[in-house]
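Please read the structure below before turning to the comments.
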Amino acid sequence: MFTTQKGAQKQGPLPASENGKPTASVPLLTIIGERARIDGKFDIADSIQVECEVGGELNVGGKLVIGEKGIVHANVQTVDAIIMGHYEGTMVATGNVEITETGHVSGSITTDSLVISKGGFFNGNVTKMNELTHDSRPVYMADDKQPVHFGAPR
């Protein structure tokens, strides 16, 4: 039910922990099982990929990947998220959120960056984490090459 992806080892010396002994890098944790369902409050220090049904609360210190078979009904706090399966709840992501062409999201998302691929589904509210002035960073339409300017004309 719990697996890790291999091949994610760093080259060179391992970083030292507080006691001076080397620490190993932690690969992406994957939870799988077509009929598996887990509920509760989960604090995950690194990244995780979900390929089963998860409910409750998820605090992820890295990237949350909801696979095509994954179903998550939870409040989520994460850095980045890629949603290829189903997600329902309230998500706060300090980095990027991507809903792929197979992704299905219902709920609210607070993030600086949201990408919805063609075919992806989103029903809910989006709140921008840190409001930027219109001069800081342009907004591009999905198929356009020219930036869209909001506010007073220049």
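Label points 7 Å out from Cα along the Cβ direction at Thr90 and Ala45: separation in nm?
Going by the 7 Å Cα→Cβ label model, 2.8 nm.
Run the quick spin-label model on Glu68 and Ser117: label points 7 Å from Cα toward the beta carbon, then report their separation in nm to one decimal.
Those two pseudo-labels are separated by 1.0 nm.
Can you tell me how the stretch 61-102 classifies by the Cα gyration tensor, rounded, prolate or oblate, using a/c under 1.5 as the rounded cut?
Oblate, since a/c reaches 1.5 and b/c is not below a/b.
Every number in this text was worked out from the coordinates using simple rules, so none of it is lab data. All values reported here derive from a predicted model rather than from experimental measurement. When we count neighbours, we look across all protein chains shown, and the Cβ atoms used for this are built from the backbone with ideal geometry, even at glycine.
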